[in-house]
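The block underneath contains the structure these notes are about, expressed in structure tokens.
The values are calculated or read from the model by the stated rules, or taken from the named source; none is laboratory data. Given the structure is predicted, the values throughout are model-derived calculations rather than measurements. A quick note on method: Cβ atoms are made from the backbone with ideal geometry, for glycine too, and the neighbour counts reach across all protein chains shown. For accessibility, only protein heavy atoms count, side chains too; no ligands or nucleic acids. Shrake-Rupley method; radii C 1.70, N 1.55, O 1.52, S 1.80 Å.
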Amino acid sequence: RFELLDNPSVTEGELTEFITDGWIYVNGKFVGIFQLPCKVPVLYEGEALNVIIYPTVRMNGMAHNKVQHPYLDAHNSYETFVAGDSTFISPKTRYATGTQLWIEDFQSGSIKLTNGIDNNVTLGTIQDPNNSNNRYGQVNLTEANNRWSVYTTDGLSFTLGRQIILEIDYCNSTNISTTVIAGKTDATIVDHPHIRLNAQDPETMVWKKIYIDVTETVSNSGGYLFWQGIKANLTEGRTNDTVLIDNIKVVYR
């Protein structure tokens with residue numbers, strides 16, 4: 001699998017990843033897209049063969065939508081291939097220099113998320129039981145407090161046409177919805193629903209990570225200033241639900 005490394009020139013927050021695949025080239029020739037880890041048959045042998053592996057994610061959580069992450073550097077190395085032998089490559093990547101990130105990782109004393117008008121739940125933070133250096137957001141939905149709605153406190157402006165990727169780490173027993181809130185020059189604000197993160201079984205919930213492409217939604221919104229929204233409601237017929245969330249990142253350039 002890819003190892004996500006620190007880039008000292010980029011403010012990147014906690015380094016979590018879900019890079020599932022590699023888009024592989026050898027000496028400039030496309031070999032294929034492979035789910036990692038993998039064995040890749042290549043018809044090359046010799047020294048100093050240039051291997052480039054692009055970190056590839058399942059955009060919007062769809063297994064068939066394998067996309068090179070636009071803001072992660074490709075692994076680039078020179079290898080020796082011997083016929084009949086295997087060469088082990090441990091690919092590495094990092095956020096590319098020049099990448100900008102809006103981050104809420106719940107590590108500071110204040111949270112950069114503002115309650116929506118239909119919110120009646122308090123977003124708290126909790127110490128990660130598996131990592132004493134990490135905290136994450138926690139939402140407990142009940143029959144009395146059954147609607148969670150927040151948006152990023154900071155409005156962001158983007159260069160239209162450039163890709164904008166939302167990254168979220170989450171663990172949830174109810175559906176989570178993401179929206180893009182666009183502010184227009186006529187002072188109107190429009191909420192554009194985007195992706196739903198499906199609920200997990202409460203008994204077997206695990207942390208997941210998703211990469212969401214919001215480029216088209218932003219470009220078609222007619223807005224000039226944008227906020228990222230996140231919502232969840234108590235599942236119908238249930239008395240409680242839990243949403244855990246961390247490392248919310250808007251990645252752009």
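In summary, His64 fulfils each of the numbered conditions (1) surrounded by fewer than 17 Cβ atoms within 10 Å (Cβ to Cβ); (2) closer than 26 Å to Gly161 by Cα; (3) touching a Pro at 6+ places or on another chain (Cβ under 9 Å) with the single exception of condition (3).
If I ask for residues that are open to solvent by 60 Å² or more (accessible area, probe 1.4 Å) and assigned to a strand (DSSP E or B), which ones from region 24-50 would you list?
Just the residues of region 24-50 that are open to solvent by 60 Å² or more (accessible area, probe 1.4 Å), to begin with: 25, 27-30, 33, 35, 37, 39, 41, 43-45, 47-48.
Scanning region 24-50 gives Tyr25, Lys29, Phe30, Ile33, Gln35, Glu47, Ala48.
Since Thr20 meets every condition but one in (1) among the polar types (S, T, N, Q); (2) open to solvent by 50 Å² or more (accessible area, probe 1.4 Å); (3) on the phi < 0 side of the Ramachandran plot, which condition does it not meet? Answer for Thr20: the failing condition is (2).
Pick from Thr56, Thr87, Thr16, Thr125: which is more than 26 Å from Gly161 (Cβ to Cβ) and not in a loop (DSSP other than H, G, I, E, B)?
Details: Thr56 fails: more than 26 Å from Gly161 (Cβ to Cβ); Thr87 fails: not in a loop (DSSP other than H, G, I, E, B); Thr16 fails: not in a loop (DSSP other than H, G, I, E, B).
From the options Thr56, Thr87, Thr16, Thr125, the qualifying one is Thr125.
The one condition from (1) more than 22 Å from His69 (Cβ to Cβ); (2) touching a residue at least 40 places away in the same chain (Cβ under 8 Å) that Gly161 does not meet is (1).
Taken over region 175-190, the criterion of being farther than 27 Å from Arg238 by Cα, crowded, with 16+ Cβ neighbours inside 10 Å and of a type outside the set (A, V, I, L, M) is satisfied by Gly183 alone. Quick check on region 81-102. Is at least one of its residues farther than 23 Å from Tyr170 by Cα and of a type in the set (Asp, Glu)? Yes: one or more hits.
Any idea which of Ser90, Ser108, Ser86 is among the small types (Gly, Ala, Ser) and within 25 Å of Val206 (Cα to Cα)?
Numbers: Ser90 fails: within 25 Å of Val206 (Cα to Cα); Ser86 fails: within 25 Å of Val206 (Cα to Cα).
Only one candidate qualifies: Ser108.
In region 150-174, which residues are open to solvent by 10 Å² or more (accessible area, probe 1.4 Å), more than 22 Å from Thr16 (Cα to Cα) and either assigned to a loop (DSSP other than H, G, I, E, B) or of a type in the set (S, T, N, Q) (or both)? Of everything in region 150-174, those that are open to solvent by 10 Å² or more (accessible area, probe 1.4 Å), more than 22 Å from Thr16 (Cα to Cα) and either assigned to a loop (DSSP other than H, G, I, E, B) or of a type in the set (S, T, N, Q) (or both) turn out to be Thr153, Asp154, Gly155, Ser157, Phe158, Thr159, Leu160, Gly161, Arg162.
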